[in-house]
Amino acid sequence: HLKFSNGERKRKGNWGSPTAGCKTHVDSRPGVELVLWSFVLSEGWFRLLYKALVDGGRKTGTMPKNRAASTNKKQQKRGVDFKKIKRKIGRRLPPPKNTTNTEVKSKAIVLPEQSVASDKVGLAVSKKGLTLKELLQQTSHHNARVRKDALMGMRDLFLKYPEELRSHRYAVIEKLRERISDDDKMVRENLYLLLKSVVLPACKEDNQGPIISMMMVYIFNAMAHLAIDVRLMSFKFLDLIVQYYPASFFMHAEKILQNYEYILKSNQFYVQDKSKLRNVLAGLVCCLSLLPSDKKEVDTSEQDALREEVLHAFEPDKPTESVEFSIINRMLKELLPVLLNCFQDFTPSIQGTSQLDAQSFDCMHSILQSIGLAVRFFIYGIRKDKLESQRFDGRHEMSVWDNSISSILLKQLLRLFPLKSIRDLSEKDGDRYFILNTLITEIYLCTSEWMTPSADLSFKFLAFVEYVLKVRS
């Protein structure tokens, strides 16, 4: 303990005391100074202790809470990649932020006075309760079975309520024609039955022009389809239209005969499915039977009026009859070699065996009928022009017989006569070969005026005619 006098304490300015530099009065008693120096020493010791604790905490990692918190804040400011969340055991985890809520809530709406059945009261419906509008919409359904059921439902509806068809016939035909090129076979078959049994008979007395124009566009589109089944089925639809509206053939004669030529050239289905070829050839016979020939009495006034109506087919721009005949004459000359080649494709099958199946017979019969009708039309045109030339004193241009027709008939058809000797055949096969030989004989007799066959060939035909007169008469 150091003692200072009052003079020294004043001179030194109380240096080293807690109240150094202060203007307060300090008691000079020894007890008071002891307490003050004790406080100073205790405060200095506390600071040294605190500094040692801080330095030791830095080395061991046990720092005071306030310093640790400040250090964590500095680290967070630098950036944290992942924030680890400590979960307590036994507590349910919260759902993720990207969770989709799949809860469905619904409420029932009860309308006791509204019903689908009550809306159709008084309307014509099918057996399944569908109206004509609903059935027409279902004909364009993506499912083939639904389309087929819709066509069957329309048939039942029209049979039960005929006035529905009479009132909406054009809308019905406009919608049904889209199914001509349908990919499903059953849909096309049901459409054919619907048109044949219900729709076309009911519309036969109406104006033919709109119906023909609506149907023929889609029929020609089906004839150019990639699928061979759709193309073959289109000729059945054409045959159906021609049967009910003969004017349709003369309105589109060039295009119809051209499509027949194309389908007969593609002979890939001759052996595979002869029934399809039979349908095509039957339609061709139906079309060619409308052409005038010497067998028909075409000079009466009634038939002249009918032919005039058929040729012009209700078109405002009426072409002349000579123009129509020249187009048909040209197309038939191109079609005739195709028919003869088609007939020759069947001859190997009948030469190897005596039996002739029904489908092959029907095809050969239709081919010979078509050839005969074409030949008669050629002859009719020559004789008609001859009469016109005599009437106008030779000022009318005459058509002459094309020698190429005689040449191709002799080489590809007449030389095959007779197809079989019918004396050694059964009664059933004998009748079939007899019919075919008879058709060939008719073609020979029609063209004999413009050709010079050999004596041997003429003798064969003469012997067959004698056989018919003696045995078959």
- Message: Residue pairs, Cβ under 9 Å, 6 or more apart or interchain, first in the range 174-187 and within 16 Å of residue 213 (Cβ to Cβ) and in contact (Cβ under 8 Å) with a residue 24 or more places away in the chain, second β-branched (Val, Ile, Thr) and open to solvent by 50 Å² or more (accessible area, probe 1.4 Å). List them.
- Response: 177/217
- Note on the structure: The condition of being in contact with a helix residue (DSSP H, G or I) (Cβ under 8 Å, 6 or more places away or on another chain), within 17 Å of residue 151 (Cβ to Cβ) and in contact (Cβ under 8 Å) with a residue 40 or more places away in the chain holds, among 170, 218, only for 218
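Quick check, is residue 263 among the β-branched types (Val, Ile, Thr), farther than 22 Å from residue 139 by Cα and surrounded by fewer than 20 Cβ atoms within 10 Å (Cβ to Cβ)? Explain how you work it out, then say what you get.
Numbers: among the β-branched types (Val, Ile, Thr): yes; farther than 22 Å from residue 139 by Cα: yes; surrounded by fewer than 20 Cβ atoms within 10 Å (Cβ to Cβ): no.
Here the answer is no, as residue 263 does not meet what is asked.
Please determine, by comparing only the residues of the range 459-473 that are within 55 Å of the chain's Cα centre (by Cα) and of a type outside the set (Phe, Trp, Tyr), which one is farthest from residue 404 (Cα to Cα). Walk me through how you get there before you give the answer.
Filtering the range 459-473 for residues within 55 Å of the chain's Cα centre (by Cα) gives 460-461, 464-465, 468, 472.
Keeping just the survivors that are of a type outside the set (Phe, Trp, Tyr) gives 460, 465, 468, 472.
On the way: 460: 23, 465: 27, 468: 30, 472: 34 Å.
So, considering only residues that are within 55 Å of the chain's Cα centre (by Cα) and of a type outside the set (Phe, Trp, Tyr), the one farthest from residue 404 (Cα to Cα) is 472.
Mind checking which residues of the range 251-281 are of a type in the set (S, T, N, Q), at pLDDT 85 or above and under 24 Å from the mean Cα position of the chain (by Cα)?
Residues of the range 251-281 of a type in the set (S, T, N, Q): 258-259, 266-268, 272, 275, 279.
Narrowing the set further to residues that are at pLDDT 85 or above leaves 258-259, 279.
Selection gives 259, 279.
Residues are listed down the side, and each one gets a yes or a no for (1) at pLDDT 65 or above; (2) assigned to a helix (DSSP H, G or I); (3) in contact with a Lys or Arg (Cβ under 7 Å, 6 or more places away or on another chain):
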position: 299; (1), (2), (3): no, no, no
position: 304; (1), (2), (3): no, yes, no
position: 311; (1), (2), (3): no, yes, no
position: 314; (1), (2), (3): no, no, no
position: 319; (1), (2), (3): no, no, no
position: 322; (1), (2), (3): no, yes, no
position: 356; (1), (2), (3): yes, no, yes
position: 369; (1), (2), (3): yes, yes, no
- Task: Can you tell me which residue within the range 111-149, out of those that are basic (Lys, Arg) and either under 18 Å from residue 167 (Cα atoms) or at pLDDT below 85 (or both), is least open to solvent (accessible area, probe 1.4 Å)?
- Result: 120
- Select from the range 233-251 the residues that are open to solvent by 10 Å² or more (accessible area, probe 1.4 Å), under 24 Å from residue 194 (Cα atoms) and not aromatic (Phe, Trp, Tyr) and list them in ascending order. 233, 236, 239, 243, 246
- Message: Which of the numbered conditions does residue 130 fail, given that it passes all the others? Conditions: (1) more than 17 Å from the chain's Cα centre (by Cα); (2) in a helix (DSSP H, G or I).
- Response: (2)
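Applying the selection to the range 227-249, what residues are under 20 Å from residue 266 (Cα atoms) and among the aromatic types (Phe, Trp, Tyr)?
Once the filter is applied, which keeps residues that are under 20 Å from residue 266 (Cα atoms) and among the aromatic types (Phe, Trp, Tyr), the range 227-249 yields 235, 237.
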- Somewhere in the range 182-191, is a residue part of a helix (DSSP H, G or I) and at pLDDT below 90? no
- Query: Does residue 426 satisfy the condition of being modelled with pLDDT of 65 or more, out of contact with any helix residue (DSSP H, G or I) (no Cβ under 6 Å at 6 or more places or on another chain) and among the polar types (S, T, N, Q)?
  - Reply: no
- Output the number of residues of the range 440-466 satisfying the condition of being within 17 Å of residue 430 (Cα to Cα) and surrounded by fewer than 16 Cβ atoms within 10 Å (Cβ to Cβ). 3
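The values are calculated or read from the model by the stated rules, or taken from the named source; none is laboratory data. Keep in mind that this is a model prediction, so the values were computed, not measured. Quick reminder, even Gly has a Cβ in these numbers, built from the backbone with ideal geometry, and neighbours come from all protein chains shown. These area figures cover heavy atoms from the full protein model, side chains too; ligands, DNA and RNA do not enter into them. Shrake-Rupley method; radii C 1.70, N 1.55, O 1.52, S 1.80 Å.
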